[in-house]
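> Have a look at this one.
Derivation of every value follows stated rules applied to the coordinates shown; laboratory data play no part. Owing to the predicted nature of the structure, the values given are computational and were not obtained by experimental measurement. Cβ placement follows ideal geometry from the backbone for every residue including glycine, while neighbour counts extend to all protein chains displayed.
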Amino acid sequence: MSSLTAPQKEIMISLLELYDKNRSLVKSKEIATRTRRNEGTVRNVMPVLRAIGLVEAVPGPKGGYMPTSKAYESFNIPKNLRLLSVPIYTKKGERTDVTVTDILFKSVFSPDFCQALLKVIGSLSKLNIGEDLVIGPTPSGRMIIEGKITGRDDLHGEILLDVINLISIPKERVQNVMSQRLVTIPVNMRLMDAAGVLYRELIRAAPVVDERGLVGMLTSSDISRCVSEGKTSQSVGESTSRKPVIISSEEDILEAMDKMRRSSIGRLVVVNSQGKPVGMITRTDILSRILKPFEMVEERSGEEAIHG
């Protein structure tokens, strides 16, 4: 930022680098050592940086400094290198002005409950004991925690949470989860012939194509509707009820889940960079990916029981 003095810029850059490296609050002594300046100088500069919205400060012996999102934007640090705080929402979905900087899970071996100790920044006065919160998603692991406040330490900026639900969506590209076995239906095929294809292939839907490419999606519901209306002699092109919803093979499965939810469907046609259909991804495909670690653990436990 051009409005900062050279010492202020140097201290700010050191804070950004130390925070990204250690992923924890930074002490003034650490910044002083890195910049070879007096610790008192660093402390004198921090109120100025806080006043212009570049720094957050946590008081106390366990406290320190952290850069804000404005600081990353002001110094043109790429988004994928930013380490930002995790937001806290009320049960009604309202975002609070309190953010999480660290999460420590406690009592994880208890079969009945799990607790999380949250290190936070912001005023805790509006967060009451017994209140339900939603925390997340975290940048890494895309984890969301639902829980109830059981303790609060305003002095040290800590919240003790009884964890009710813990949800995490893996970062995975669509192409790694999709089915690459793609069955397509010609647009001019007779409906009943297409029904036979779906039956033989044990699938509930298939993309409809013509010489130009993808033009529709034929589902088992379309076939049932046409049969009930006595329209069994018409073509596939006359029978499809909706345009296919597509997704790029490079997209994330979270985007695929969101598209399915918004469109109220259970499958998407996957296309490559040229827009050519290369596969299908279904809710079952995504569920299988989410359950994969559980299956691995169960299999490993079974093997240990046999050989133990």
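> Search the structure for amide H atoms under 5 Å from the amide H of Gly279, placed 1.01 Å from N in the peptide plane, and list their residues when 5 or more places away or on another chain.
Val270
> So what is the 222 nm mean residue ellipticity for the chain from helices alone, if each DSSP H run of at least 4 adds -39500 (n - 2.57) and you divide by all residues, rounding to the nearest 500 deg cm²/dmol?
Taking each H run of at least 4 residues, the total per residue is -10000 deg cm²/dmol.
> So what's segment 163-274 giving for Cα Rg divided by 2.2 N^0.38 Å, two decimals? Display every interim value, and only then the final one.
Numbers: Rg = 16.0 Å, N = 112, 2.2 N^0.38 = 13.2 Å.
Cα Rg divided by the expected 2.2 N^0.38 Å: 1.21.
> Between 0 and 90 degrees, rounded to the nearest ten: what's the tilt of helix 6-22 against the longest Cα principal axis of the chain?
Approximately 50 degrees, to the nearest 10.
> Based on the alpha carbons, how large is the Rg to Rh ratio for segment 1-156 when Rh follows Kirkwood?
Working: Rg = 16.9 Å, Rh = 16.9 Å.
A ratio of 1.00.
> Can you tell me which of 41-48, 199-206 comes out highest on packing, and rank the rest after it, using the mean Cβ neighbours within 10 Å?
On the way: 41-48: 16.5, 199-206: 14.4.
Descending mean neighbour count gives 41-48, 199-206.
> Using the number of other C-beta atoms within 10 angstrom as an exposure proxy, rank Leu182, Leu49, Leu54 with the fewest first.
Values: Leu182 14, Leu49 21, Leu54 25.
Least to most surrounded, the residues fall as Leu182, Leu49, Leu54.
> Taking Cα atoms, how many degrees apart are the long axis of helix 283-307 and the longest axis of the chain, rounded to 10 and kept between 0 and 90?
Roughly 80 degrees, rounded to the nearest 10.
> Here is a further query. Return, ordered by residue number, the residues of segment 206-223 whose backbone nitrogen is under 18 Å from a label point located 7 Å along Cα→Cβ of Gln274.
Label zone hits: 209-215.
> Could you give me D for segment 86-168, from Stokes-Einstein at 4 °C and 1.567 mPa s, where the hydrodynamic radius is the Kirkwood radius over C-alpha pairs? Units µm² s⁻¹, please.
103 µm²/s
> Lysine pairs in segment 162-308 with alpha-carbon atoms under 23 Å apart, 8 or more places apart or on different chains: how many are there?
Numbers: Lys171/Lys259; Lys171/Lys292; Lys231/Lys243; Lys243/Lys259; Lys243/Lys276; Lys259/Lys276; Lys259/Lys292.
Lysine pairs meeting both conditions in segment 162-308 amount to 7.
> Quick one: Cα centre-to-centre distance for segment 125-184 and segment 35-62, in angstrom?
Spelled out, the Cα-based centre of one part sits 31 Å from the other.
> In addition: Starting from 0 in steps of 10 Å, tell me what percent of the Cα-Cα pairs of the chain lands in each bin.
Taking all Cα pairs of the chain, the binned fractions are 5, 19, 20, 19, 17, 12, 6, 2, 0 percent.
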